[in-house]
1. Under 30 Å from residue 81 (Cα atoms) and of a type in the set (Asp, Glu): which single residue out of 134, 210, 149 fits that description?
2. Out of segment 1-20, which residues are surrounded by fewer than 17 Cβ atoms within 10 Å (Cβ to Cβ) and in a helix (DSSP H, G or I)?
3. In segment 2-19, which residue that is among the aliphatic types (A, V, I, L, M) and over 18 Å from the mean Cα position of the chain (by Cα) is nearest to residue 211 (Cα to Cα)?
4. Any residue in segment 73-91 that is over 15 Å from residue 185 (Cα atoms) sitting within a Cβ distance under 8 Å of a residue that is surrounded by 15 or more Cβ atoms within 10 Å (Cβ to Cβ) and among the charged types (D, E, K, R)? List the pairs, counting only those 6 or more apart or interchain.
5. So, of the residues in segment 210-249 that are of a type in the set (S, T, N, Q) and over 13 Å from residue 6 (Cα atoms), which turns out to be farthest from the chain's Cα centre (by Cα)?
6. Which number in (1) surrounded by fewer than 18 Cβ atoms within 10 Å (Cβ to Cβ); (2) of a type outside the set (Lys, Arg); (3) outside any strand (DSSP E or B) marks the one condition that residue 165 misses?
7. Please go through segment 222-240 and pick out each residue that is closer than 17 Å to residue 60 by Cα and either not aliphatic (A, V, I, L, M) or not in a loop (DSSP other than H, G, I, E, B) (or both).
8. Looking at segment 201-222, I want the residues that are free of Cβ contacts under 8 Å to residues at least 60 places away in the same chain and polar (S, T, N, Q) and have a partner that is buried (at least 18 other Cβ atoms within 10 Å of the Cβ) and part of a helix (DSSP H, G or I) with Cβ atoms under 9 Å, at least 6 apart or on another chain. Which pairs are those?
Amino acid sequence: MKALGSGELLNAWEQGLNKPLLTRILILLAAAYPEIQADALAKLSIGQRDLRLLQLRTHLFGQRLLNTAVCPQCGERIEWESNTRDFIRETEENSTIADEFNLNADNYALRFRLPNSLDITTVINTSPDNHNAEKMQQHLLSRCLLNAEQSGKSCDFDQLPDSVIRKLSQQVEQLDSCADIRILLNCSECSHSWTVLFDIAGFLWTEVNEWAQQILQTVYKLASGYGWSEQEILRLSPVRRQLYLGMLG
C-alpha cells in the first residue's frame, strides 16, 4: 500500500465527489494501491476489498474506531469503540483467495465465485425492486453462479430450488465472512443487546470527507494569512500546519 500524502488524498476525494459510494471507495483504493489495476480492484471479493479499506483507514487515521448507534429498544444513543487491527486480523485469518468454488447440495452441483463491487453496483442499478432485500440477494447470487447441474444436466439459477439457493447463500457468507462485520452492542440504559453492521466503506468515506473539509479550510486560512500556495501548504506536516494556524490567532 502506498503512503498517501495530503495532496493525493485530497485529489482522490475530489474525484469521488458526486459519485456513488462504491465508486468513491474504488477511487480511494486506486490511489492507495497503484500497483493493482482498477478493474482488478473492482473484482476483489467484498471481504478482500474491505480488508484493504481497513488497512487504508489505519494508515490514514489510525487504529481506533469510534462510532455511534441508537438503541432499538429505548432510543438511547450510545458510543462504541473498536480497533481496525482486530478486524484486519479476523479478515486475514478467514481470508479466501480462490477465484471459484464448488457446492454440492440436494443433487445439484454448483460452481460459483464470490460477489464483488461490480456485482453490487449492477444489482443496485438494475434490480426492479431495490427495497426487497431477498430479491436483491437472489439477483446477486445469480450473477455469481458460474454453472449449475442436476444429475449432469445444466440448469439456470431460476430453476434451482429454494433450499439450494439458501445453501449457496450460506456458503458465500462463510467463504467471505469479513464482508459482513457485525458488532454486538449493549445499551447501558435498558440493558438491551443487539448487533449492528459495521460498513467500513461508508465509515471511511465519511472520515475522508470530514478531513477534506477541514484541510480546505486550513489551506484557505494559511493562504490568506501567509500568501502560500495550496501545494506549499499541503507539503507541510499536519503539526506544522496547526502551529502556523495558531500563529494567525
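1. Working: 134 fails: under 30 Å from residue 81 (Cα atoms); 149 fails: under 30 Å from residue 81 (Cα atoms).
Being under 30 Å from residue 81 (Cα atoms) and of a type in the set (Asp, Glu) holds for just one of 134, 210, 149, which is 210.
2. Pass one, segment 1-20, residues surrounded by fewer than 17 Cβ atoms within 10 Å (Cβ to Cβ): 1-3, 5, 7-8, 11, 14-15, 17-20.
Scanning segment 1-20 gives 7, 8, 11, 14, 15.
3. Here is the first cut: in segment 2-19, the residues among the aliphatic types (A, V, I, L, M) are 3-4, 9-10, 12, 17.
Next, only the ones that are over 18 Å from the mean Cα position of the chain (by Cα) stay: 3-4, 10.
Values: 3: 16, 4: 14, 10: 9 Å.
Restricting to residues being among the aliphatic types (A, V, I, L, M) and over 18 Å from the mean Cα position of the chain (by Cα), the top hit is 10.
4. Final answer for the pair search is 84/57; 91/50.
5. Looking only at segment 210-249, we keep the residues that are of a type in the set (S, T, N, Q), and these are 213-214, 217-218, 224, 229, 231, 237, 242.
In the following step, the residues that additionally are over 13 Å from residue 6 (Cα atoms) were identified as 217, 224, 229, 242.
Working: 217: 27, 224: 37, 229: 34, 242: 31 Å.
This residue is 224.
6. Among (1) surrounded by fewer than 18 Cβ atoms within 10 Å (Cβ to Cβ); (2) of a type outside the set (Lys, Arg); (3) outside any strand (DSSP E or B), residue 165 violates only (1).
7. The first filter runs over segment 222-240 and keeps only residues closer than 17 Å to residue 60 by Cα, leaving 234-239.
Correct list: 234, 235, 237, 238, 239.
8. These pairs meet every condition: 218/233; 218/241.
The values are calculated or read from the model by the stated rules, or taken from the named source; none is laboratory data. Because the structure is a prediction, the values reported are computed rather than measured. Cβ coordinates were reconstructed from backbone atoms using ideal geometry, including for glycine residues, and neighbour counts include every protein chain displayed.
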